[in-house]
Amino acid sequence: MVHLTEETLSELLDGESVAGAGEHLSSCSVCQDELEALRQLRAELRELPDLGAPEDLWMRIEAGLPGSRRGWRAGLRGPRLVALQAVAAAAVFVIGLGLGRAMWSDGPGSEAGVGAVAASRPSAMTLTEAMAEVQRRGADYDEALQNLERLARQEGAPVPSLAQQRLVGLQMLVEASRTALSVEPADPVLNSYLFAAVEERDAMLRELNEVQGPGEQVLWR
Amino acid sequence: MVDLAEATLVRRARAGQLEAMRQLYERHASRVYTVVRRLAGDDDLAADLAQDAWTNAFQRIRDFRGESAFGTWVHRVAVNTALTRLRQAARRRDLERGFDGATTLGNPDRWPAAGAAERVTVQRALDLLPDGYRSVLWLHDVEGYTHEEIGARLGIAVGTSKSQLSKARARLRALVTQSRAGVRS
């Protein structure tokens with residue numbers, strides 16, 4: 001027996017009438033089963049569940065929208081991005097040094113934790129190596145800072161809050177951006193970078209000042 | 001019924017407010033991603049298509065007149081964006097005739113075979129179809145497009161759309177049957 005073609009079955013599935021197909025179908029269980037299987041498969045297609053969008057999708061979309069603060073970051077590519085990352089990483093590292101000094105300026109052995117990190121001279125010969133070195137030393141410093149914080153808590157010494165640490169970090173980014181702009185004052189990326197850092201720093205300042213009393217407010221230029 | 005909250009979000013998004021755009025995105029992200037993922041047959045491409053679709057939608061949001069729900073409108077934008085990109089990609093690969101099934105992609109012997117031990121779900125089987133077959137099948141059987149509408153969007157004849165649909169259904173059926181038989185044995 002010659003069975004119905006896939007084209008004919010498809011037409012029947014869509015409710016079209018095909019000459020002679022009805023007669024064949026009524027007497028052929030193979031084609032009946034095939035048509036039913038196609039109908040079932042179409043139902044399964046329609047019942048496929050909705051999918052969740054990737055988590056980072058909105059960030060990608062936002063970066064391309066006018067007025068986005070992420071746009072300038074998304075536009076960074078190549079050496080310029082590496083240089084800015086180096087500036088940022090170096091700034092974070094320096095912030096840590098400053099923070100450590102600030103914490104221990106009143107006590108004996110005040111630079112013990114800092115000295116452990118800052119003792120050796122940089123040895124990197126290329127930008128990539130320098131980035132790796134900064135990151136490595138930053139990780140070392142993080143460990144040293146955690147140790148300092150632990151000891152400070154044990155001895156009852158003051159420990160800066162996370163917000164204060166962020167504030168110092170943001171101020172260092174502002175300064176690093178200004179330094180970079182002194183070399184390339186018209187660079188739009190660097191200007192955007194400074195703008196974003198100032199905006200974040202001021203937001204953090206407002207947040208801190210809301211928590212503190214009027215006489216204790218932090219002021220920053 | 002007009003969704004007043006959504007109408008407000010649309011108005012604010014038209015004014016360029018990013019937060020309103022983000023909220024509109026949150027409301028319809030899944031629906032948009034799902035349709036482009038079904039058409040793309042690939043996660044990475046789907047993410048790119050969804051990004052393009054939303055960017056297009058927000059750039060053209062002034063064209064949205066509120067005659068349909070925003071979700072319906074952005075869904076349509078997503079379908080059009082995906083089909084345009086897929087056609088461009090096919091042209092770049094010199095496979096535009098893939099939509100007609102006339103290239104190697106239309107030859108069942110050249111299609112990627114599912115492993116016998118692999119349980120090919122309907123979703124996976126859909127991914128294994130050639131772009132043109134998958135597009136026609138999804139647009140017709142799920143989105144409810146007519147062959148005339150599909151032909152206009154894909155740049156193919158109505159007869160070609162019908163032919164692609166029957167081949168896509170048959171191939172999908174073969175893939176799923178083969179897989180389920182493999183799992184049972």
- Could you count how many residues in region B:122-170 are in contact (Cβ under 8 Å) with a residue 24 or more places away in the chain, crowded, with 20+ Cβ neighbours inside 10 Å and of a type in the set (Val, Ile, Thr)? 3
- Out of region B:137-185, which residues are within 13 Å of another protein chain (Cβ to nearest Cβ), within 19 Å of B:Arg38 (Cβ to Cβ) and either charged (D, E, K, R) or outside any helix (DSSP H, G or I) (or both)? B:Asp141, B:Val142, B:Glu143, B:Gly144, B:Tyr145, B:Thr146, B:Lys167, B:Arg169, B:Arg171, B:Arg173
- Could you look through region B:57-79, keep only residues that are polar (S, T, N, Q) and within 17 Å of B:Arg27 (Cα to Cα), and pick out the one that is nearest to the other protein chains (Cβ to nearest Cβ)? B:Thr72
- Restrict the check to region A:25-39 and report whether at least one residue is over 19 Å from B:Leu49 (Cβ atoms), of a type outside the set (Lys, Arg) and at the interface with another protein chain (Cβ under 7 Å from one of its Cβ atoms). yes
- Task: Please verify whether region A:3-17 includes one or more residues that are of a type in the set (Ser, Thr, Tyr) and more than 14 Å from chain B (Cβ to nearest Cβ).
- Result: yes
- Taking region A:5-30 on its own, how many of its residues are closer than 20 Å to B:Leu137 by Cα and either in a helix (DSSP H, G or I) or touching a residue at least 12 places away in the same chain (Cβ under 8 Å) (or both)? 8
- Message: Of the residues B:Asp52, B:Asp44, B:Asp48, only one is surrounded by fewer than 14 Cβ atoms within 10 Å (Cβ to Cβ) and either part of a helix (DSSP H, G or I) or in contact (Cβ under 8 Å) with a residue 60 or more places away in the chain (or both); which?
- Response: B:Asp44
- Query: Which of (1) surrounded by fewer than 23 Cβ atoms within 10 Å (Cβ to Cβ); (2) more than 12 Å from chain A (Cβ to nearest Cβ) does B:Ala82 not meet, given it meets every other one?
  - Reply: (1)
- Query: Can you find even one residue in region B:3-26 that is without any contact (Cβ under 8 Å) to a residue 60 or more places away in the chain, in contact with a helix residue (DSSP H, G or I) (Cβ under 6 Å, 6 or more places away or on another chain) and of a type in the set (Val, Ile, Thr)?
  - Reply: no
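Values quoted throughout were computed directly from the atomic coordinates according to the rules given, and no laboratory measurement underlies them. What you see is a predicted model, and the numbers here were worked out from it, not measured in a lab. Every residue, glycine among them, receives a Cβ derived from its backbone with ideal geometry; neighbour counts consider all protein chains shown.
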